[in-house]
Amino acid sequence: MQGVSPLDPFSPQAQAISALFWFVMVVAGVILLVVTGLVVYIVIRFRHREGRAPSTREGNTALEITWTAIPLLIVGAIFVLTVRTMHTVQPPAGDRTPDVRVVAHQWWWEVHYPSGVTTANEIHVPVGRTLLFRLTSADVVHDFWVPQLARKMDAIPGHPNDFWMKVEKPGVYHGTCAEYCGVGHALMRILVVAQTPKEFEAWEQAQLTPHPPPATAEARQGRQLLEQLTCANCHTVRGSSASGRVGPDLTHLADRRTLASGAAENTHDQLTQWLKDPNSIKPGSHMPNLQLSDARVKALVAYLEE
Ligand code: CUA
């Protein structure tokens, strides 16, 4: 996994936050040094000595003005820079249509695009465009955080929150839920896949393309199982009759890098294990263990991998 430090930013939004952090860090560091230095100096210089009485002098207007004015100036500067950063990171969205809508669930992310594409956990974005994200939650409060790309933002049921992101360099950026939301909190990962606008459009087109019917007998059986078993109550697979809206849309599951919101790599073995016993991969997952026979798991995997 690449670094995920907010101090290694790849968007103007994250850069503004990082710059403000460093400014405050340096100012606070200088204050720490000055105060510590003065305390050490005073302790040594004015320590107790035989026959010396402490000074009783009080009131020094010049000194009092100075030590009021300096903190005031520092806090004022931090205030002005903070307002400027907020303006860069979070300008009002007005009535602009969001470019990406994200709905947080226990414990995964549902992602919608204006083109009609619906996916989960892996958010594709074009580089060089300022994108408006609109975030909400289907159950409890979550928090969307991709440290290198954008500010943290709470996902609150019934209260959409907006934030902006302009990714400057193609790549895969990691994030996670940053608000404790239950058993699966730590395995509620986010992947942002930033692509050139051309690659992004190709991805979007591929996502919109319906599936051809399953190619093998095993995959056909898999589709039938998915439609007949309880899978279809929770999941949607466009091109089948499954249209549930509780769990992630699985239409293009095979194209995703991870399973269960980053809990496992999307490999044949992990997908098999996931269907056999979801809790072994992600404790607390709302995906039930359907006690599927090995043959059924194999058929479902064959279908999902197409
Ligand atoms: Cu969702 Cu923590």
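The values are calculated or read from the model by the stated rules, or taken from the named source; none is laboratory data. What you see is a predicted model; the values in this text were computed from it and never measured. Every residue, glycine as well, gets a Cβ built from its backbone with ideal geometry; the counts of neighbours run over all protein chains shown.
Summary table
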read-out	value
Matching residues in region 102-121 - criterion: being more than 16 Å from the ligand (Cβ to nearest atom), in a strand (DSSP E or B) and without any contact (Cβ under 8 Å) to a residue 40 or more places away in the chain	HIS112
Given (1) away from the ligand (no atom under 15 Å from the Cβ); (2) touching a Lys or Arg at 6+ places or on another chain (Cβ under 6 Å), index of the condition TRP145 fails	(1)
Subset of region 182-197 that is over 14 Å from the mean Cα position of the chain (by Cα) and within 8 Å of the ligand (Cβ to nearest atom) - its residue that is surrounded by the most Cβ atoms within 10 Å (Cβ to Cβ)	GLY184
Conditions (1) more than 15 Å from the chain's Cα centre (by Cα); (2) at pLDDT 95 or above; (3) surrounded by 12 or more Cβ atoms within 10 Å (Cβ to Cβ); (4) aliphatic (A, V, I, L, M); number of the one not met by VAL80	(3)
Close pairs from region 256-278: first in contact (Cβ under 8 Å) with a residue 12 or more places away in the chain, partner among the aromatic types (Phe, Trp, Tyr), Cβ under 8 Å, at least 6 apart	LEU259/TRP274; ALA260/TRP108; ALA260/TRP274; SER261/TRP107; SER261/TRP108; SER261/TRP109; ALA264/TRP274
Single residue of region 279-298 satisfying the filter (among the polar types (S, T, N, Q) and part of a loop (DSSP other than H, G, I, E, B)) that is nearest to GLN224 (Cα to Cα)	SER293
Scope region 127-139; condition more than 11 Å from the ligand (Cβ to nearest atom) and surrounded by 20 or more Cβ atoms within 10 Å (Cβ to Cβ); matching residues	PHE133, LEU135
Residues (free of Cβ contacts under 8 Å to residues at least 40 places away in the same chain and either under 24 Å from PHE10 (Cα atoms) or within 16 Å of the ligand (Cβ to nearest atom) (or both)) located in region 86-96	MET86, HIS87, PRO92, ARG96
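Listed here are the residues, each with its yes/no results for (1) in contact with a helix residue (DSSP H, G or I) (Cβ under 6 Å, 6 or more places away or on another chain); (2) closer than 24 Å to ALA260 by Cβ; (3) within 16 Å of the ligand (Cβ to nearest atom).
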site	(1), (2), (3)
VAL100	no, yes, no
VAL141	no, yes, yes
ILE156	no, yes, yes
HIS159	no, no, yes
TYR173	no, yes, no
